[in-house]
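Read through the structure below, which is laid out as structure tokens, and then see the notes.
The values are calculated or read from the model by the stated rules, or taken from the named source; none is laboratory data. Keep in mind it's a predicted model, so treat the numbers as computed, not measured. Quick reminder, even Gly has a Cβ in these numbers, built from the backbone with ideal geometry, and neighbours come from all protein chains shown.
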Amino acid sequence: MNRIIEADVVVVGAGPAGVSAAIAAGRTGARTVLIERYGFIGGMSTAALVYPWMTYHTSDGKQVIGGIAQEIVERLQALGASPGHVRDTCGFVHTVTPYHPEVYKVLAVDMLKEAGVKLLLHSFVDEVRKSEDDRISSVILTSKSGRIEVAGKVFVDTTGDADIAYLSGAHCLKGRDQDEATQPMTMKFRMRNVDLEVVKQYMLEHPEEFYPKTPIAELPELPLTAVQGFYKHWKQAELPINRDQVLFFTGPESDEVLVNMTRVQGLDGTKMEDLTEAEEQGRKQVLMVADFMRKELPGFESAVISQVGAQIGIRETRRIEGVYTLEMDDVVAGRRFEDCIARSGYPIDVHSPKGGDVIVSWVEGDGAYDIPFRSLQSRNISNLLAAGRCISTSHEALGTTRLTPSCMATGHAAGTAAGLAVLQGTELRDLNVQGLQQALVEQGALL
């Protein structure tokens, strides 16, 4: 190894959380490096076609996520690549935020460059080095250029799978407490040539076949954004896929939908052999579901597959064991924390690890809950933060924190905290949380 890159803040994983974290850290003035294994950024939003972003709001429409997450939406809107926050026409949440993933890939890189971030694509971290005091000193990349060492002062794990935490020896959790079973994986895909007016008309004529919260009375005036139901069609098909309904989202093109229906269960997203099997099963299910939709669903008669995810979508693998673990009761009660660094209004949404159902628990109070800074801090590695899917939560609470806007918000907080800690020469555990909160609010975060 003959190359070392020096940084203040090292962010690993350029998904929605990592992008926000790196932008935030860079904007503090800290020397920031963002590392990504693919040749493009966006993580699950682009590689796995997780679309649309849901949700920035509570169930009654109050916006609770802002900051960099909102700035990204506004800049996409300015480019004609997002309509902004629009009503969710399946009624599960109040709003969804469609976006064009190819424009997002370019915009996010522009924002990283504006913040002075050094971006390293096609780079896979396979080793973490620590100093004698058990702090992370550097990460080692495998790349086309050979082995490269990236040294830093604070490290932010936004890999989704807590890879950096795991490799560093940080305490980690995985799946359910009793058996480590995780939520199923889903291979998402897009279809074109869908007649969405026919779909909407069928919904108006057969409301009983769709999700009970579907706003049928408002549907004639609303642009169709999401469809959940076709219960009769799905049940009659008797496909060997362990779920209970049809679910798709419209866009980004006017005749296009994103289908979220495949379900691969019983496999571990941190194991190479299981991931290989999941990719095979997921792609076979895509062909099966697309054939069903084309033959059985009104409006899909001429539909064709236009895109399949570059990888299968992962809902849950490892997560850090933090200073505080966010629990289901915290979410449902809409609990407030003194060290709140982000809020979310998305309900707990746990896809059964083994069954065909989805367990939903709604947020009480004002419809939002706090995410504390302590849930981003590793319990035993002092200069490690997590953001996105791998923050410290219970299996149940992960059913809400894993959603993209929440990941963006925790990324914004982690990056800001990392940058401030470096610039102030302080440990993360000693960082003035009120100062962090003030900085986030000044940057548009809603706390």
Kindly indicate whether any position in the range 29-45 is crowded, with 22+ Cβ neighbours inside 10 Å, among the β-branched types (Val, Ile, Thr) and closer than 18 Å to Pro405 by Cα. yes
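Are any residues in the range 195-209 more than 14 Å from His233 (Cα to Cα) and part of a helix (DSSP H, G or I), and if so, which ones?
Restricting attention to the range 195-209, the residues satisfying the condition of being more than 14 Å from His233 (Cα to Cα) are 195-198, 200-201, 204-205.
Answer for the range 195-209, where residues must be more than 14 Å from His233 (Cα to Cα) and part of a helix (DSSP H, G or I): Leu196, Glu197, Val198, Lys200, Gln201, Leu204, Glu205.
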Of the residues that make up the range 361-372, is at least one polar (S, T, N, Q), buried (at least 24 other Cβ atoms within 10 Å of the Cβ) and either under 22 Å from Arg319 (Cα atoms) or free of Cβ contacts under 8 Å to residues at least 12 places away in the same chain (or both)? no
Reported set for the range 183-196 where residues are surrounded by fewer than 19 Cβ atoms within 10 Å (Cβ to Cβ) and either without any contact (Cβ under 8 Å) to a residue 40 or more places away in the chain or basic (Lys, Arg) (or both) is Arg192
Filtered residues of the range 212-222 (kept if in contact with a helix residue (DSSP H, G or I) (Cβ under 9 Å, 6 or more places away or on another chain) and over 18 Å from Asp60 (Cβ atoms)): Ile216, Leu219, Pro220
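Go through Leu112, Leu49 for me and flag whichever is in a helix (DSSP H, G or I), touching a strand residue (DSSP E or B) at 6+ places or on another chain (Cβ under 9 Å), in contact (Cβ under 8 Å) with a residue 24 or more places away in the chain and within 30 Å of Tyr166 (Cα to Cα).
Details: Leu49 fails: in a helix (DSSP H, G or I).
That would be Leu112, the only listed residue that is in a helix (DSSP H, G or I), touching a strand residue (DSSP E or B) at 6+ places or on another chain (Cβ under 9 Å), in contact (Cβ under 8 Å) with a residue 24 or more places away in the chain and within 30 Å of Tyr166 (Cα to Cα).
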Would you pick out the residues in the range 156-182 that are touching a residue at least 12 places away in the same chain (Cβ under 8 Å), polar (S, T, N, Q) and part of a loop (DSSP other than H, G, I, E, B)? Thr158, Thr159, Thr182
Can you name the residue in the range 412-423 that is touching a strand residue (DSSP E or B) at 6+ places or on another chain (Cβ under 8 Å) and crowded, with 24+ Cβ neighbours inside 10 Å and is also farthest from Tyr346 (Cα to Cα) among such residues? Ala421
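Out of curiosity, is Lys200 in contact (Cβ under 8 Å) with a residue 40 or more places away in the chain and either of a type in the set (Val, Ile, Thr) or buried (at least 16 other Cβ atoms within 10 Å of the Cβ) (or both)? Spell out the reasoning first.
Values: in contact (Cβ under 8 Å) with a residue 40 or more places away in the chain: no; either of a type in the set (Val, Ile, Thr) or buried (at least 16 other Cβ atoms within 10 Å of the Cβ) (or both): yes.
Against the criterion (in contact (Cβ under 8 Å) with a residue 40 or more places away in the chain and either of a type in the set (Val, Ile, Thr) or buried (at least 16 other Cβ atoms within 10 Å of the Cβ) (or both)), Lys200 does not qualify.
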What's the number of the only condition in (1) closer than 20 Å to Ala445 by Cβ; (2) among the acidic types (Asp, Glu); (3) not in a loop (DSSP other than H, G, I, E, B) that Glu338 fails to meet? (3)
Inspect all residues belonging to the range 67-79 and state whether any of them is surrounded by 22 or more Cβ atoms within 10 Å (Cβ to Cβ), touching a Gly at 6+ places or on another chain (Cβ under 7 Å), of a type in the set (Gly, Ala, Ser) and modelled with pLDDT of 95 or more. yes
Test of understanding: among Val350, Val331, Val323, which residue is of a type outside the set (Ser, Thr, Tyr) and either touching a Lys or Arg at 6+ places or on another chain (Cβ under 6 Å) or without any contact (Cβ under 8 Å) to a residue 24 or more places away in the chain (or both)? Val323
Which numbered condition trips up Tyr104, out of (1) surrounded by fewer than 20 Cβ atoms within 10 Å (Cβ to Cβ); (2) in a helix (DSSP H, G or I)? (1)
Tell me, yes or no, whether the range 317-328 has at least one residue that is buried (at least 18 other Cβ atoms within 10 Å of the Cβ), modelled with pLDDT of 95 or more and in a helix (DSSP H, G or I). yes
So which pairs qualify, if the first residue must be in the range 59-81 and free of Cβ contacts under 8 Å to residues at least 60 places away in the same chain and over 14 Å from Pro98 (Cβ atoms), the second must be assigned to a helix (DSSP H, G or I) and hydrophobic (A, V, I, L, M, F, W, C), the Cβ gap must be under 7 Å, and the two must be at least 6 apart or on different chains? Arg75/Leu107
Of residues in the range 377-411 being closer than 17 Å to Arg135 by Cβ and of a type in the set (Gly, Ala, Ser), the one surrounded by the most Cβ atoms within 10 Å (Cβ to Cβ): Ala386
Which one is nearest to Pro184 (Cα to Cα), of the residues in the range 354-368 that are of a type outside the set (Ser, Thr, Tyr) and at pLDDT 90 or above? Val360
Screening Val154, Val96 for residues that are within 30 Å of Pro207 (Cα to Cα) and either surrounded by 17 or more Cβ atoms within 10 Å (Cβ to Cβ) or modelled with pLDDT of 95 or more (or both) leaves only Val96
Does the range 386-439 hold any residues that are out of contact with any Gly (no Cβ under 9 Å at 6 or more places or on another chain), assigned to a loop (DSSP other than H, G, I, E, B) and in contact (Cβ under 8 Å) with a residue 60 or more places away in the chain, and which are they? Ser394, Glu396, Ala397, Leu403
